[in-house]
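The values are calculated or read from the model by the stated rules, or taken from the named source; none is laboratory data. Quick caveat, the model's predicted, so the values are computed rather than measured. Don't worry about glycine lacking a Cβ; one is built from the backbone with ideal geometry, like all the others, and counts go over all protein chains shown. Just the protein is used for accessible areas: all its heavy atoms, side chains included, with ligands, DNA and RNA removed. Shrake-Rupley method; radii C 1.70, N 1.55, O 1.52, S 1.80 Å.
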Amino acid sequence: MNNILVTGAGGQLGSSLVPKLRDLYGNSQVIATDIRQLDSEIAESGCFELLDATDAEAVGEAVESHQVGLIYHLAAILSATGERDPRHAWRINMSSLEAVLEVARHQGCAVFTPSSIGVFGSGTPKDLTPQDTVMQPTTMYGITKLAGELLCNYYHRKFGVDTRGVRYPGLISHGAPPGGGTTDWAVDIFYSAVEDGHYDCFLGPDTKLDMMYMPDAVSAAIAVMEADQDALEHRNAFNLTAMQLTPEMLSAEIQKHLPGFTIDYDIDPVRQAIADSWPDRIDDEAARKEWGWEPLFDIESMTKDMLGHLK
Ligand code: SER
């Protein structure tokens with residue numbers, strides 16, 4: 001029982017996490033799964049299976065047949081998509097997590113579940129948002145992520161399942177695109193800068209949010225699962241951040257590399273309201289202290305690396 005299964009492997013995080021897990025633990029040790037057939041490297045470099053993570057029986061069969069000891073449960077609906085169809089977001093996010101936790105409980109697996117800065121709401125302190133604080137999310141995405149954190153804690157306390165997770169900020173990457181989040185602007189801006197020299201941003205120039213470059217997000221997912229259990233006071237889920245960005249700051253950084261780049265603002269009120277309800281800067285001291293979290297990339301090194309890959 002020592003293989004690793006990843007749900008939502010074709011998504012923004014999964015498509016970077018799976019290759020790294022395969023490098024570390026071996027190609028045949030990592031079973032990538034997704035609800036859609038993938039044509040990418042992920043489907044070819046190791047075992048890939050179609051899997052609907054809301055189907056507990058199917059998850060159970062995959063875990064049993066591949067002798068899985070750790071599940072990275074990444075399949076989820078993000079914030080902006082969730083507001084378009086909140087019932088669908090609730091159903092997918094909660095029923096898949098519940099299915100994975102039940103399988104983990106009966107088959108003795110550990111579970112990693114990504115949570116998000118979306119668990120916070122407008123009543124939360126905005127600057128240096130503490131690990132343990134007021135949590136009253138106003139999006140369906142945030143509600144499912146907060147309920148998910150509590151459910152994971154419950155499965156640990158009640159059934160002894162080794163559940164762990166982190167609250168990711170916006171993730172910036174050049175692999176698979178993000179699937180309908182409020183922080184997607186920080187990825188879109190790079191593609192538009194390289195392709196068109198111009199970006200129309202759906203958030204206002206001063207909207208500040210926590211962000212992280214994908215290599216740090218991948219390292220965090222692996223490090224928290226490898227951390228010594230006894231050192232963990234928190235489990236679900238650790239605040240994590242690497243940088244705080246506004247569209248104005250990131251466009252100025254991109255202009256250092258592409259001087260002709262321009263940005264305009266065409267604000268989407270739904271995503272602006274979501275962003276305004278989230279913190280400006282979260283405090284990730286608990287992750288630093290309990291399992292040694294430390295990001296490698298800041299705005300300068302991330303921008304240079306992103307543009308290097310996209311050009
Ligand atoms: N990136 C996510 C979103 O914007 C937040 O976790 O929905």
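Quick check: pseudo-label points 7 Å beyond the Cα along Cα→Cβ at Thr262 and Thr133, how many nm apart are they?
3.8 nm
Can you check how the C-alpha radius of gyration of the stretch 186-311 compares to 2.2 N^0.38 Å, as a plain ratio?
Working it through for the stretch 186-311, the quotient is 1.19.
Quick one: putting +1 on the C-beta of Lys and Arg, -1 on the C-beta of Asp and Glu, what dipole do you get for the stretch 153-311 around its Cα centre, in Debye to the nearest 20?
Here the size comes out at about 460 debye.
With +1 on each Lys and Arg Cβ and -1 on each Asp and Glu Cβ, and nothing else charged, work out how big the dipole of the chain is about its Cα centre, in Debye to the nearest 20. Walk me through the intermediate numbers first.
Values: 22 positive and 46 negative charges, 106 e Å.
The calculated dipole for the chain is roughly 500 debye.
Over the chain, what is the relative contact order in percent, taking alpha-carbon pairs closer than 8 angstrom and at least six residues apart?
Relative contact order for the chain comes out at 19 percent.
Could you tell me which residue out of Ile254, Leu21, Met225 lies farthest along the dipole of the chain toward its positive end? Charges go on the beta carbon: Lys and Arg +1, Asp and Glu -1, centred on the Cα centre.
Of the options given, the answer is Met225.
At most 16 other Cβ atoms within 10 Å and a DSSP loop assignment: could you name the GluC sites (Glu not before Pro) in the stretch 191-288 that fit? All intermediate terms of the calculation are to be shown ahead of the outcome.
Values: sites: Glu195, Glu226, Glu233, Glu248, Glu253, Glu285; in loops: Glu233.
Qualifying residues, ordered by number: Glu233.
Show the residues, 5+ positions off or on another chain, whose built amide H is closer than 5 Å to the amide H of Glu49.
Hits under the 5 Å cutoff: Ala32, Thr33, Asp34.
How large are Rg and Dmax for the chain when calculated on the C-alpha trace, in angstrom?
Final numbers for Rg and Dmax: 18.7, 58 Å.
In whole angstrom, and with the biggest value first, how far do the Cα coordinates of the stretch 1-131 range along each principal axis?
46, 29, 28
For the chain, what does the accessible surface come to per residue with a 1.4 Å probe? Please give it in Å².
42 Å²
Compute, for the stretch 1-92, the length of the dipole vector about the Cα centre, with Cβ point charges of +1 (Lys, Arg) and -1 (Asp, Glu) only. Units Debye, rounded to 20.
320 debye
If we sort 132-143, 181-192 on the protection proxy, mean other Cβ atoms within 10 Å, highest first, what's the order?
For the peptides 132-143, 181-192, the packing ranking is 181-192, 132-143.
Mind checking which lysines have their C-alpha under 18 Å from Lys208, skipping anything on the same chain fewer than 8 residues away?
Output for Lys208: Lys126.
Under the rule of at least 5 residues apart or a separate chain, name every residue whose amide H is placed under 5 Å from the amide H of Ala110.
The answer is Leu70, Ile71.
Cβ under 12 Å from Asp196's Cβ, Asp196 left aside: what net charge do those residues give with Lys, Arg +1 and Asp, Glu -1?
Values: positive: none; negative: Asp188, Glu195, Asp200, Asp264.
Combined, the nearby Lys, Arg, Asp and Glu give -4.
Taking the Cα centre of the stretch 260-311 as the origin and placing charges on Cβ (Lys, Arg +1; Asp, Glu -1), which of Gln272, Leu307, Trp291 is farthest toward the positive end of the dipole?
Working it through, the farthest residue towards the positive pole turns out to be Leu307.
Using +1 at the Cβ of each Lys and Arg and -1 at the Cβ of each Asp and Glu in the chain, identify which of Gly108, Ser192, Ala32 lies farthest towards the dipole's positive end.
Of the listed residues, the answer is Gly108.
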